[in-house]
Amino acid sequence: MTHDFLPQQQTLFDDPVISETPNRRGVRVQIHSDLVDAFVNLVALTRPDVVAEIGAHEASFSQKIRTALPTSKIVAFEANPKVYEQFRSRTDFSSLGIDYRHEAVADIDGTVSFHIVVGLLTGVIGQINAISSINLRANTAVQSEMVEIPATTLDRAIAHMGESFCLWIDVEGAQKQVLEGGKRVLPQVNSLMIEVEDYAFWNGQILNKNIESILAGHGLVPIMIDCEADRQHNVVFIQRQLLVNEGVATIIRQYTENIHTRIKSAHDNSRQS
């Protein structure tokens, strides 16, 4: 069955070439890129009515999906006001058919506090970054500035827009809020890609196993993962009934083969250097 590939992928990531590669570098980035491509192919196959990119930043996923699904409704949510203003001014999202919104997707409608990271142990960083969150960092050495931003729930924002959904969730430890606000939408999700953690980098966050359990309650099962960083990675889920779809199986099989190829190439490059 298609979900049998998941243990294979996890075993491949035990290869020393992965642990020896810094987070979000080299072969780790290549495998993550392959996972994004596989997810785009999966979404194109399942053809949801609505695609929501939550934690959109520059909305690159939404732009890729627009090409694959010219008629689906696409909504991209970005909570960081600095990020939103920068990319709204650079890209004409309306001409692309993308509804790019400055909102946090949370468990309430109204406003929420948002913590813009401005300093790490390595020094000051710009406010236009992809590591800020509704939740405070557990590491008190991480400095942030708090602002109030508009918030909505997944159900309120998109439940009325269609009957089938795809979700991309990259919310820096705020997965619990997103999922709690989407109890009507989640049973209608065909495919979902979510960044998860095995360690609590943020106060109050839920971890990978908790997320997997919540999604299982809505019929969603994990089929593909990456190894983007230690204790943080991305997982693709689909509705259980899609496991028998041969097109889905082909996408998963090809992604798993790509992992083999990437790791072999990394070993070859290491021997040549």
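The values are calculated or read from the model by the stated rules, or taken from the named source; none is laboratory data. Here the structure is a predicted model, which is why all the values come from computation and not from measurement. Positions of Cβ are backbone-derived with ideal geometry, glycine not excepted, and every protein chain shown enters the neighbour counts.
Please specify each residue of the range 92-117 satisfying the condition of being surrounded by 15 or more Cβ atoms within 10 Å (Cβ to Cβ) and in contact with a Gly (Cβ under 8 Å, 6 or more places away or on another chain).
Val105, Ala106, Asp107
Could you list all residues from the range 73-91 that are in contact (Cβ under 8 Å) with a residue 40 or more places away in the chain and surrounded by fewer than 21 Cβ atoms within 10 Å (Cβ to Cβ)? Don't jump to the end; show me each part of the working.
Residues of the range 73-91 in contact (Cβ under 8 Å) with a residue 40 or more places away in the chain: 73, 75, 77, 79-83, 86.
Of everything in the range 73-91, those that are in contact (Cβ under 8 Å) with a residue 40 or more places away in the chain and surrounded by fewer than 21 Cβ atoms within 10 Å (Cβ to Cβ) turn out to be Lys73, Pro81, Lys82, Gln86.
Provide a single number: the residues in the range 107-133 that are acidic (Asp, Glu) and in contact with a Lys or Arg (Cβ under 7 Å, 6 or more places away or on another chain).
Residues of the range 107-133 acidic (Asp, Glu): 107, 109.
Now narrow it down to the ones that are in contact with a Lys or Arg (Cβ under 7 Å, 6 or more places away or on another chain): 109.
Total satisfying the criteria: 1.
Specify the residue that is nearest to Glu145 (Cα to Cα); the eligible residues are those in the range 78-95 that are part of a loop (DSSP other than H, G, I, E, B) and not hydrophobic (A, V, I, L, M, F, W, C).
Applying the first criterion (part of a loop (DSSP other than H, G, I, E, B)) to the range 78-95 yields 78-80, 91-92.
With the extra rule that they be not hydrophobic (A, V, I, L, M, F, W, C), the set shrinks to 78, 80, 91-92.
Working: Glu78: 17, Asn80: 11, Thr91: 26, Asp92: 29 Å.
Per the stated criteria, the residue is Asn80.
When you go through Asp4, Asp37 one by one, which is the residue that is assigned to a helix (DSSP H, G or I), acidic (Asp, Glu), closer than 25 Å to Leu186 by Cβ and at pLDDT 95 or above?
Numbers: Asp4 fails: at pLDDT 95 or above.
Exactly one of Asp4, Asp37 is assigned to a helix (DSSP H, G or I), acidic (Asp, Glu), closer than 25 Å to Leu186 by Cβ and at pLDDT 95 or above, namely Asp37.
Out of the residues in the range 216-251 meeting the condition of being among the polar types (S, T, N, Q) and out of contact with any helix residue (DSSP H, G or I) (no Cβ under 7 Å at 6 or more places or on another chain), tell me which one is surrounded by the fewest Cβ atoms within 10 Å (Cβ to Cβ). Step through it out loud before you land on a result.
At the first step, the residues of the range 216-251 found to be among the polar types (S, T, N, Q) are 232, 234, 239, 241, 245, 250.
This time we only want the ones that are out of contact with any helix residue (DSSP H, G or I) (no Cβ under 7 Å at 6 or more places or on another chain), so: 232, 239, 241, 245, 250.
On the way: Gln232: 18, Gln239: 19, Gln241: 10, Asn245: 16, Thr250: 13.
Per the criteria, the residue is Gln241.
Only one residue in Arg28, Arg24 is more than 25 Å from Ser164 (Cβ to Cβ), crowded, with 22+ Cβ neighbours inside 10 Å and touching a residue at least 24 places away in the same chain (Cβ under 8 Å), so which one is that?
Arg28
Can you list the helices (runs of 4 or more DSSP H) found entirely within the range 125-218 that contain at least 2 residues being more than 22 Å from His233 (Cβ to Cβ)?
Details: elements: 154-158, 175-180, 208-216.
Result: 154-158.
In the range 124-167, how many residues are hydrophobic (A, V, I, L, M, F, W, C), farther than 30 Å from Gly219 by Cβ and free of Cβ contacts under 8 Å to residues at least 40 places away in the same chain?
Residues in the range 124-167 being hydrophobic (A, V, I, L, M, F, W, C), farther than 30 Å from Gly219 by Cβ and free of Cβ contacts under 8 Å to residues at least 40 places away in the same chain: 5 in total.
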